[in-house]
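Visitor: Questions regarding the structure given below will be posed in turn.
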Amino acid sequence: MTNVFDTLKERGYIDQVTFEDELRDLLGNESITFYIGFDATADSLTLGHFLQIMVMKHLQMAGHRPIALLGGGTTMIGDPSGRTDMRKLMTKEFIDKNAQKFKVQFEKFLDFSDGKALMVNNADWLLDLNYLDFMREIGVHFSVNRMLTLENYKTRLETGLTFFEFGYLLLQSYDFLHLYREHNCVLQIGGSDQWSNILGGYELIRRVENGKSYAMTIKLLTTASGEKMGKTAKGAIWLDPNKTPPYELYQYLRNVDDRDVEKFLALLTFLPMDEVRRLGSLEGAEINKAKEVLAYEVTKFIHGEEEAIKAQKASRALFAGAKEDGSIPFTEMERSIFEEGINIVDLIKDIGLAKSKSEGRRLIQQGGLSIDDVKVDSIDRVVNLDDFQEDKILIRKGKKVYHQVRIK
């Protein structure tokens, strides 16, 4: 029987880990409880979070119990890791609403029946902490000198780091201690940028409880060019279909760099590694078959088989030059807008194909925009009712990004 630690390592998830041999033996011989924390900064999880969900799923399928920790408390501060400024403060009501959205999404991916997984919110134990008691029990175990050497804080010293943010490490560390005490949770997992925070909790358990725990980070989801995967001109790739429709998710994955195909198949699907390597070795036009498999498998797991099939049909139709609607993303606009006429630069900004007017102008000047397969050759082009057939037009950005405009 394959040890799940070896599975995670072979598929390329693991970055850093404490006591690797010990943890491997533990995962191979006992059923443990582990956790990953998710701060509720938005009303949906992203493709970056999906990587962590995949790790949770692999471990759960191997018989281990995941805890999805909703950061209702820690989000009140905000993790300074990787940031150049202080996170905008959010209201408790906004955070609670986001956490509830997260809860619904987690229930799609993990099995919470019969205690096989837990979902907890650190607001339940953080919001009512007594400051002096907390500092006497927890703060005494943290060295300011050492904290200032951590990358999370060191990079912020010149631009400004508030005492408010400085406390984030203590709160995340306390989360691990709390889960260790309440649920016998012995492993915390997080992204590579969380290493310092995770070690804080691991060391706190050792000092306060003289207990044994483990820390593991997984690699961030990046492309071959070094960019963070899951970002587009329109923003993040969300798991909520109302924020990122299944077709857009499918197309995003269908268009990944050839160099990333094998890596993403290993990280974002459950295909056997022999098949992953076979698909990743395809060359030339054949690699597109592997990209279709990647896009289909991920879309199916996130949104279901029916939506994956619809997205695949729509994508194939567009690549073949057809005009089938399928599940192509669209924007409905008032007829009066086109009775008067709207400048093409304003239009593509309004529907999200360009982040700004200057970007839209560059796109057109470089020949990268078409309306119903006719290239737009002027930034002064006005779109009016004469351009519409059956109250819709299809705008193409570059070779592969499509967006339909429909008249209400």
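Visitor: Which condition does residue 281 not pass, out of (1) closer than 21 Å to residue 52 by Cβ; (2) among the polar types (S, T, N, Q); (3) at pLDDT 90 or above, if it passes all the others?
Guide: (1)
Visitor: Go through the stretch 363-398 and report how many residues are in a helix (DSSP H, G or I) and loosely packed, with under 14 Cβ neighbours inside 10 Å.
Guide: The number of residues fulfilling the criteria is 3.
Conditions (1) surrounded by 23 or more Cβ atoms within 10 Å (Cβ to Cβ); (2) at pLDDT 85 or above, marked per residue:
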{"site": "159", "(1), (2)": "no, no"}
{"site": "167", "(1), (2)": "no, no"}
{"site": "175", "(1), (2)": "yes, yes"}
{"site": "191", "(1), (2)": "no, yes"}
{"site": "200", "(1), (2)": "yes, yes"}
{"site": "219", "(1), (2)": "no, yes"}
{"site": "231", "(1), (2)": "no, no"}
{"site": "241", "(1), (2)": "no, yes"}
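Visitor: Quick check on residue 268: is it farther than 29 Å from residue 225 by Cβ and among the hydrophobic types (A, V, I, L, M, F, W, C)?
Guide: The answer is no for residue 268.
Visitor: Testing residue 256 on (1) under 18 Å from residue 299 (Cβ atoms); (2) β-branched (Val, Ile, Thr); (3) buried (at least 24 other Cβ atoms within 10 Å of the Cβ), one condition comes back false. Which one is that?
Guide: (3)
Visitor: Oh, and also: So which residues in the stretch 58-94 are out of contact with any strand residue (DSSP E or B) (no Cβ under 7 Å at 6 or more places or on another chain) and modelled with pLDDT of 85 or more, if there are any at all?
Guide: Within the stretch 58-94, 58, 61, 62, 63 meet the criteria.
Visitor: Just wondering, is there one or more residues in the stretch 339-347 that are within 20 Å of residue 400 (Cβ to Cβ) and surrounded by 14 or more Cβ atoms within 10 Å (Cβ to Cβ)?
Guide: yes
The values are calculated or read from the model by the stated rules, or taken from the named source; none is laboratory data. Because the structure is a prediction, the values reported are computed rather than measured. Every residue, glycine as well, gets a Cβ built from its backbone with ideal geometry; the counts of neighbours run over all protein chains shown.
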